[in-house]
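The values are calculated or read from the model by the stated rules, or taken from the named source; none is laboratory data. Nothing here was measured: the structure is a model prediction, and the numbers come from that model. Neighbour counts are summed over all protein chains in view; Cβ atoms, including those assigned to glycine, are modelled from backbone coordinates with ideal geometry. SASA here: full protein model, heavy atoms, side chains in, ligands and nucleic acids out. Shrake-Rupley method; radii C 1.70, N 1.55, O 1.52, S 1.80 Å.
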Amino acid sequence: MTGRQDNMALPDASLDQIFRKARSYNGWLDRPVSDDQLRAIWDLVRMGPTSANMLPARIVWVKSEQAKERLASLSSGTNGDKIRQAPVTAIIGYDIDFHEQLPWLFPHTDARSWFEGDEEGRKVAAMRNSSLQGGYFILAARALGLDTGPMSGFDNAAVDAAFFADQPRVRSNFICSVGYGDPSTIFERSPRPDFETFNAIV
């Protein structure tokens, strides 16, 4: 049985890398990202908490030139060029039938029965928890020394048909490029509100 063992706050340099100095990039340096690096991202993402350990995210890593062009053609505005330039763009989807995996993912009780027969409830849970996993994805990549560029401007239905045809119960949530960001492609950082603006302690 493992648990909390006097966790300590991360040093400022780590917090800068993951949060304070990290940015969402619009362009990429000509540096490759290896399959081992992609696996390392997933190894961290899978450890983040989700409800009943449902882990509904399903990821397609778009890396080949052919796959990049296909995804770029289904994206809007300048997103297509971002995808073509990036070493990898991940399509983060969610499995509506995630509950079928719960007997082994959450063996403590019959969690599958909680979601059986409630497809609308599963869609909400899958979208919410895959979004959580998408957040973990960004932080994991940054923690491993990579940069990210999350995007939502694309044709979800067309992307689903093109990249999840073999998983018809999976729907795309958002896409996120991964690589080494080109600093010349980012804007000045947008405002961030202080605690009092959007928070209340009650």
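Points to keep in mind about this one:
- The residues of the range 48-202 expose, per residue, 51 Å² of accessible area to a 1.4 Å probe.
- Accessible area in the full protein assembly, largest first, 1.4 Å probe, for 63, 82: 63, 82
- Gain in span if fully extended, residue 34 to residue 73, counting 0.36 nm per residue against the direct Cα distance: 11.6 nm
- A simple rule links phi to the HN-Hα coupling: the Karplus curve 6.51 cos²θ - 1.76 cosθ + 1.60 with θ = phi - 60°, which for the range 109-119 gives 7, 7, 5, 4, 5, 5, 10, 4, x, 10, 5 Hz, with x for Gly and Pro.
- Near the amide H of residue 151, within less than 5 Å, lie the amide hydrogens of 175, 176, 177, all on another chain or at least 5 residues away, with H placed in the peptide plane.
- Length released on extending from residue 119 to residue 166, taking residue separation times 0.36 nm less the Cα-Cα span: 15.0 nm
- Förster-model FRET efficiency, 25 Å R0, residue 108 and residue 44, C-beta, rounded to 0.05: 0.60
- Across the chain, the relative contact order, built from alpha-carbon pairs under 8 Å that are at least six residues apart, equals 32 percent.
- Under the Karplus curve 6.51 cos²θ - 1.76 cosθ + 1.60, θ = phi - 60°, whole-Hz ³J(HN,Hα) for the range 35-49, x wherever Gly or Pro sits: 4, 4, 5, 5, 5, 5, 4, 4, 4, 7, 4, 5, 8, x, x
- Hits among aspartates and glutamates - C-alpha to C-alpha of residue 82 under 17 Å, sequence gap 8 or more where chains match: 30, 65, 69, 147, 155, 182
- Dividing the summed -39500 (n - 2.57) terms of all DSSP H runs of n ≥ 4 by the residue count of the chain sets its mean residue ellipticity at 222 nm at -10500 deg cm²/dmol.
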